[in-house]
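Below: the structure, in C-alpha cells.
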Amino acid sequence: MYFALSYPYSFTRMIELVRRLSEDYRSDPDIYLQKEVLTYSIEGKPIPMLTITSHDGKTSVSEERISNSLFPECIIENRPFKFKKPVVIVTCRVHPGETPSSYALEGFLEFLLNRTDVRAALLRKLFSFIVVPMMNPDGVYKGMHRMDGLGQNLNRLYNNAQSHKQ
C-alpha cells in the first residue's frame, strides 16, 4: 500500500511537457518560446529552462553563456535573444514533495501560452518569463519529500552554495 500527500508528478512528465511545448511553439509568429538546459543535476539529469514572451522588444543579440556549468548546451543551441522588457522568474520543485506546484505550473504555462487570451498576450508583450519547472530533479526522481539526491535540504544551502557533499 502506498500513501501520498498529493497525486505524483514525475520528472519524466516534466521533460515531456517541456519537449512538447518547445515543439509546439518553435516557429510561432506571436509567441517566443525557447527551451534550453540551465544545467545538469548532480546525478546528470537536465534542468530545463524556458524563455517565454512575445517577439516585442526582441533585440538581435543573444543572451551570454554565464559559466561552463550553466547553459552547457549553448554551444549546440543558441541562447535566447535578449529582450527590452522586465523579466519574471518562475521556479518549481525545490522540494520534491511540492507536487501541487508542478500542476499549478502546467496551468500557468497553459494560460501564458494561450494564443486567444488577451490577458496572456498582454503579459507576453510586457514581460519576458523565465521558467525553471523542476529545480530538484534528482530528489523528484528518487521520490524524496524534502531532499535532493545527496540527502540535503536545498533550502538550507542557499547561504553556502558550495556545501555539497560529493
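Here are some notes:
- Within the option set 118, 90, 94, 132, being more than 24 Å from residue 23 (Cβ to Cβ) and within 15 Å of the chain's Cα centre (by Cα) holds for one residue only, 94.
- Residue check, residue 101 open to solvent by 20 Å² or more (accessible area, probe 1.4 Å), of a type in the set (Ser, Thr, Tyr) and closer than 26 Å to residue 11 by Cβ: yes
- Of the residues 139, 149, the single one that is open to solvent by less than 30 Å² (accessible area, probe 1.4 Å) and either under 16 Å from the mean Cα position of the chain (by Cα) or at pLDDT 90 or above (or both) is 139.
- When residue 134 is tested against (1) free of Cβ contacts under 8 Å to residues at least 40 places away in the same chain; (2) assigned to a loop (DSSP other than H, G, I, E, B); (3) in contact with a Phe, Trp or Tyr (Cβ under 8 Å, 6 or more places away or on another chain), exactly one condition is not met: (1).
- Lone unmet requirement of (1) modelled with pLDDT of 95 or more; (2) outside any helix (DSSP H, G or I); (3) loosely packed, with under 13 Cβ neighbours inside 10 Å; (4) among the charged types (D, E, K, R) for residue 77: (1)
- Any hit, the stretch 59-76, residues being touching a residue at least 40 places away in the same chain (Cβ under 8 Å) and in contact with a strand residue (DSSP E or B) (Cβ under 6 Å, 6 or more places away or on another chain): no
- Against the conditions (1) open to solvent by 20 Å² or more (accessible area, probe 1.4 Å); (2) in a helix (DSSP H, G or I); (3) in contact with a strand residue (DSSP E or B) (Cβ under 6 Å, 6 or more places away or on another chain), residue 110 satisfies every one except (3).
The values are calculated or read from the model by the stated rules, or taken from the named source; none is laboratory data. What you are looking at is a predicted structure, and each value in this text was computed from that prediction instead of being measured. Ideal geometry is used to build each Cβ from the backbone, glycine not excepted, and the neighbour counts take in all protein chains shown. Surface accessibility is based on the protein's heavy atoms, side chains included, excluding ligands, DNA and RNA. Shrake-Rupley method; radii C 1.70, N 1.55, O 1.52, S 1.80 Å.
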